[in-house]
1. Might you work out the accessible area of residue 212 for me, using a 1.4 Å probe with all protein chains in place, and round it to the nearest 10 Å²?
2. Tally Lys/Arg at +1 and Asp/Glu at -1 over every other residue whose Cβ is under 13 Å from the Cβ of residue 88; what's the total?
3. Could you calculate the contour length gain from residue 32 to residue 125, that is, 0.36 nm times the residue separation minus the distance between their Cα atoms, to one decimal place in nm?
4. May I ask you to give the percent of accessible area on the chain that is carbon plus sulfur, with a probe radius of 1.4 Å?
5. State, to one decimal in nm, how far the label point of residue 305 lies from the label point of residue 16, with both points 7 Å from Cα in the Cβ direction.
6. Quick one: putting +1 on the C-beta of Lys and Arg, -1 on the C-beta of Asp and Glu, what dipole do you get for the chain around its Cα centre, in Debye to the nearest 20?
7. Give me the net charge for the shell around residue 134: Cβ to Cβ below 10 angstrom, other residues only, Lys and Arg +1, Asp and Glu -1.
8. Taking the Cα centroid of the stretch 270-290 and of the stretch 60-87, what is the distance between the two, rounded to the nearest whole Å?
Amino acid sequence: MITSQLGPGGEFDRIRRIAAALGPVAHGLGDDCAILPAGSGEVVLSADLSVEGVHFRTDWLSFEEIGWRAAAGALSDLAAAGATPVGLLASVGAPRGVDEVRLVELMRGVGAAVASVGGVVLGGDLSASPHWLVDITVVGRAPRPVPRNGARPGDGIWLSGTPGLSRAALVAWRRGGAPESAAREAYAHPVPRIALGMALAEAGARAMIDLSDGLAGDVRHLAAASQVAITLDLERIPIAAAVRQAAGTAEPPAVFAATGGEDYELLAALPPAFSDSEGAELAARGGLPLTRIGVVTAGKGVTLRLDGQPVQLGGYDHFA
């Protein structure tokens, strides 16, 4: 709901229509700043930018899906910190003369994503832009935020979900076909693992990262931040049928999965005492796989193995 009256003008008319579409998910729109309610724990912030032609295409996704995807990607950073979402701010750039319905639908998707994890839309900004872009800033709280730099020798490396589905959707589109339904859903409607991130934090996770640039790339960020060595056994990665189909004979399915980006799964370092039975319990509670795929040792760097043999893989680089 809007708590401040908005003045006249086309931009504010758009904000009024967005607020009406968001309904109760809109919180205090119309002020210069969002005012957060008092609460316990550390405040956790993150920002994520989605750009047309880089992160999404309007001929592949609906505008509501574009909004959901942008918000979910940012909320996934809160999951990696073990944080509870408070809300988000959404800044949107839209081409001049664009149908206003598309803008409202995009923000409806943003609102649906943050509402799905108990948050609200705190505010944002609108601007004309040569291309569509969505910049999301998320706000959360955590009693003990999980960093990237806490992994220690002896820790197990645990992976949520089945990575590679988002890449499988991209491969299908780029080949001129339609993605398999599970792959399309993973790409268009990723689920931020908020509940699992909080559960892993409570279970003693020492370091955690969400997989946005691919498992093979993001594990290197975890190792570098913690100043440790990490070894992953890629054959342990759970492989979905759509990933196996997309990989075909071109590359092993585990390699395909490890090099796909925008999975928004969690990779966590947990103490040696965290057992397989505890992992199975969290997996059952969350309704998705939670798999030990590696180990932390003293040293530096990352070793990736497939059936015992080292493989050289990288992640996505925006500026390569």
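The values are calculated or read from the model by the stated rules, or taken from the named source; none is laboratory data. Just so it is clear, the model here is predicted, and its values are computed rather than measured. FYI the Cβ positions are ideal-geometry reconstructions off the backbone, even for glycines, and counts take in every protein chain you see. Please note that ligands, DNA and RNA were not included when accessible areas were found on the heavy atoms of the full protein model with its side chains. Shrake-Rupley method; radii C 1.70, N 1.55, O 1.52, S 1.80 Å.
1. Residue 212 exposes around 40 Å² with every protein chain in place.
2. That sum, taken over residues with Cβ under 13 Å, equals -4.
3. Working: separation 93, 0.36 × 93 = 33.48 nm, distance 1.02 nm.
Additional length available on full extension: 32.5 nm.
4. 53 percent
5. Modelled inter-label distance: 6.5 nm.
6. Working: 25 positive and 34 negative charges, 68 e Å.
Dipole size: approximately 320 debye.
7. Charge balance near residue 134 sits at -2.
8. 24 Å
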